[in-house]
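Take a look at the structure below.
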Amino acid sequence: MLGKTHFITGVALGSFAISHNVLEPTLVNWAVIVIGSLIPDIDKCGSIASDKIIIPFYLLFKHRGFTHSIVGGACLMMIVQLFLKNSEIAFLIGFSAHIVPDWLTSHGIKIFWPFSDMKKAPLTFPTGSTFEYVFSFAMSIFTLINISKMVSI
Ligand SMILES: [Zn+2]
């Protein structure tokens, strides 16, 4: 999926968690959600995440491998926790907002890296397809619904 789709999916899931009191509505939580939703693509040259980091991780990892796996997610979460304590739930929300949509694409992900090949959903769609834009639009509407719940409290 495109970076902007990961971003809006993270914001949508984060707004749902905050509107249901799973997370505190802090700037740190929002930052960790956004980081979690974008950071798996540090393994892709030209992605939003790799453009923000000096170290070219895309030379070390194959795209949609380690950083898109359970092992990679745990490692990334530990790194985030070095800088931001009590950020596990926010990171999991953001990371899930990246991994699940990538699993839905026709390329799939190596969720069980290093023990398996690419895994993808039974029904998939190409990155950048019309379906992805419809998905992003739905996530935007979902975000607005959740924000309206937060404002009315
Ligand atoms: Zn990805």
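Pairing each residue of the stretch 1-28 that is charged (D, E, K, R) with any residue that is part of a helix (DSSP H, G or I) and away from the ligand (no atom under 16 Å from the Cβ), provided the two are 6+ apart or on different chains, yields C-beta distances under 9 Å for Glu24/Ile18.
Can you pull out the residues in the stretch 30-51 that are without any contact (Cβ under 8 Å) to a residue 24 or more places away in the chain, under 15 Å from Lys4 (Cβ atoms) and assigned to a loop (DSSP other than H, G, I, E, B)? Listed by number, the residues that qualify are Lys44, Gly46.
When you look at Gly94, is it closer than 19 Å to Ile8 by Cα and outside any helix (DSSP H, G or I), yes or no? For Gly94, the condition - closer than 19 Å to Ile8 by Cα and outside any helix (DSSP H, G or I) - is not met.
Given the conditions (1) part of a loop (DSSP other than H, G, I, E, B); (2) within 11 Å of the ligand (Cβ to nearest atom), and given that Ile99 satisfies all but one, which numbered condition is not satisfied? Checking Ile99 against (1) part of a loop (DSSP other than H, G, I, E, B); (2) within 11 Å of the ligand (Cβ to nearest atom), the one that fails is (1).
Among the residues of the stretch 58-72, write down those that are surrounded by fewer than 19 Cβ atoms within 10 Å (Cβ to Cβ) and in a helix (DSSP H, G or I). Leu59, Ile70, Val71 - these are the residues of the stretch 58-72 that are surrounded by fewer than 19 Cβ atoms within 10 Å (Cβ to Cβ) and in a helix (DSSP H, G or I).
Answer with yes or no whether Trp103 is aromatic (Phe, Trp, Tyr) and under 19 Å from Lys4 (Cβ atoms). Here the answer is yes, as Trp103 does meet what is asked. Step by step: first the residues of the stretch 1-32, then only those that are among the hydroxyl-bearing types (Ser, Thr, Tyr) and within 11 Å of the chain's Cα centre (by Cα), then the one that is surrounded by the most Cβ atoms within 10 Å (Cβ to Cβ). Which residue is that? By that ranking, first place goes to Thr9. Residue check: is Thr130 farther than 26 Å from His20 by Cβ, exposed (fewer than 15 other Cβ atoms within 10 Å of the Cβ) and either at pLDDT 95 or above or not acidic (Asp, Glu) (or both)? When the stated conditions are applied, Thr130 passes them. Among the residues of the stretch 112-153, the one identified as polar (S, T, N, Q), part of a loop (DSSP other than H, G, I, E, B), within 18 Å of Thr9 (Cβ to Cβ) and out of contact with any Ser or Thr (no Cβ under 8 Å at 6 or more places or on another chain) is Ser129.
In this structure, does Trp30 turn out to be at pLDDT below 95 and in contact with a Gly (Cβ under 7 Å, 6 or more places away or on another chain)? So Trp30 fails the test. A single entry from Ile79, Ile54, Ile89 fulfils the requirement of being of a type outside the set (Asp, Glu), more than 12 Å from the ligand (Cβ to nearest atom) and outside any helix (DSSP H, G or I): Ile54.
The values are calculated or read from the model by the stated rules, or taken from the named source; none is laboratory data. Here the structure is a predicted model, which means the values were calculated and not measured. Here Cβ is always computed from backbone atoms with ideal geometry, including for glycine, and neighbour counts include all displayed protein chains.
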